[in-house]
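The values are calculated or read from the model by the stated rules, or taken from the named source; none is laboratory data. Here the structure is a predicted model, which means the values were calculated and not measured. Neighbour counts run over all protein chains shown; Cβ positions are idealised from the backbone, glycine included. In case anyone asks, the SASA skips ligands and DNA or RNA and just uses the protein heavy atoms, side chains included. Shrake-Rupley method; radii C 1.70, N 1.55, O 1.52, S 1.80 Å.
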Amino acid sequence: MDLYQYVLKKATGYNYNYLFVDEIQEIEELKELIHYISKEGIKRRDLTTIKNKENLLEFLKINLSPRNNEEFKILFLNNANKLIAEKTLFYGTIDKSAVYPRVVLEEVLRYNSAGVILAHNHPSGNLRPSKQDIQLTEALQELLEKINVMVLDHVIIGDDEYFSFREEGLI
């Protein structure tokens, strides 16, 4: 059994031998997609460019609000500021999240990033960064600077607003 037939049967329960012409066409398209993924790999997916602040904020608002607990996310970027990956690294409580610089460093190296955007949410809606937020940002900036990775911004998302460390001169 081919990979696409296996995936089709597992996903839908369909038997490839008993389908209508329209269904076969859809399955052929699925077959091409599966072939591409298996041959080219997930790493070859199209990259998204963070074109401007509005684009970034829209992405972060969708991904970080509303949440009941804090989440700390990193956007990994290449030299052209194209998004290589985004990952929520840490999940916290209603008012804090433990962030470990070693784990951040490991992920930056894994994705071979040239730059990162740090982001987390404040479920309370209070956008003011805590003393810990500021200290963490400074520590990560200092750590990543040693390996020539730029911290482009640290954004806090709350309700429908944001706080940017870059805009406020903290980076």
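Summary table below
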quantity: Pairs with Cβ under 6 Å, 6+ apart, first in segment 130-157 and within 13 Å of Leu170 (Cα to Cα), second modelled with pLDDT under 95 and open to solvent by 70 Å² or more (accessible area, probe 1.4 Å); calculated: Asp153/Arg166
quantity: Hits in segment 137-152 - residues which are out of contact with any helix residue (DSSP H, G or I) (no Cβ under 8 Å at 6 or more places or on another chain) and either closer than 17 Å to Leu60 by Cα or surrounded by 15 or more Cβ atoms within 10 Å (Cβ to Cβ) (or both); calculated: Thr137, Glu138, Gln141, Leu152
quantity: Residue in segment 76-90 that is assigned to a helix (DSSP H, G or I) and open to solvent by 40 Å² or more (accessible area, probe 1.4 Å) present; calculated: no
quantity: Subset of segment 114-136 that is in contact with a helix residue (DSSP H, G or I) (Cβ under 9 Å, 6 or more places away or on another chain) and of a type in the set (A, V, I, L, M, F, W, C) - its residue that is surrounded by the fewest Cβ atoms within 10 Å (Cβ to Cβ); calculated: Leu136
